Amino acid sequence: MNPYLLLAFAISAEVTATLALKAADGLTKPVPTIITVIGYGTAFWLMSNSMNMLPIGVVYAIWAGVGMVGAALGGAVLFGEPITLSMMAGIAVIAVGVTILASGQTSVH
């Protein structure tokens, strides 16, 4: 399977788990708590599989960058958290950095 596709699914699972963690209210709500546990487990399993095919630096940079953007946007949409101009600038910088790092990857192991 394409390692970038695995990583995309891993990031989706991680962002879902992070948003469910907020909704779990200190792990006191069962359904969001279960989603959190399953989401993080799935995310780490998928990420570990993508690391079998891509360098750890590429995987982790994409994971962290895209995950932060996803969590910030998800928090805004689901929980009404603000997105300020400085946050948007940070998201843009992350996107540029992840793109540069990923484009520097010349071969898949």
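The values are calculated or read from the model by the stated rules, or taken from the named source; none is laboratory data. Because the structure is predicted, anything quoted here is derived from the model rather than measured. So basically every Cβ, Gly included, is an ideal-geometry build from the backbone, and we count neighbours across all protein chains shown.
Couple of notes before you dig in:
- For Thr33, the conditions (1) of a type in the set (Val, Ile, Thr); (2) under 14 Å from the mean Cα position of the chain (by Cα); (3) at pLDDT 95 or above all hold with the exception of (2).
- One residue alone among Val37, Val96, Val59 is farther than 20 Å from Leu6 by Cα and without any contact (Cβ under 8 Å) to a residue 60 or more places away in the chain, and that residue is Val96.
- Scope segment 1-34; condition acidic (Asp, Glu) and without any contact (Cβ under 8 Å) to a residue 24 or more places away in the chain; matching residues: Asp25
- Single unsatisfied condition, Ala61 versus (1) at pLDDT 90 or above; (2) under 15 Å from the mean Cα position of the chain (by Cα): (1)
- Hits in segment 16-43 - residues which are among the hydroxyl-bearing types (Ser, Thr, Tyr) and over 13 Å from Leu78 (Cα atoms): Thr28, Thr33, Thr36, Tyr40, Thr42
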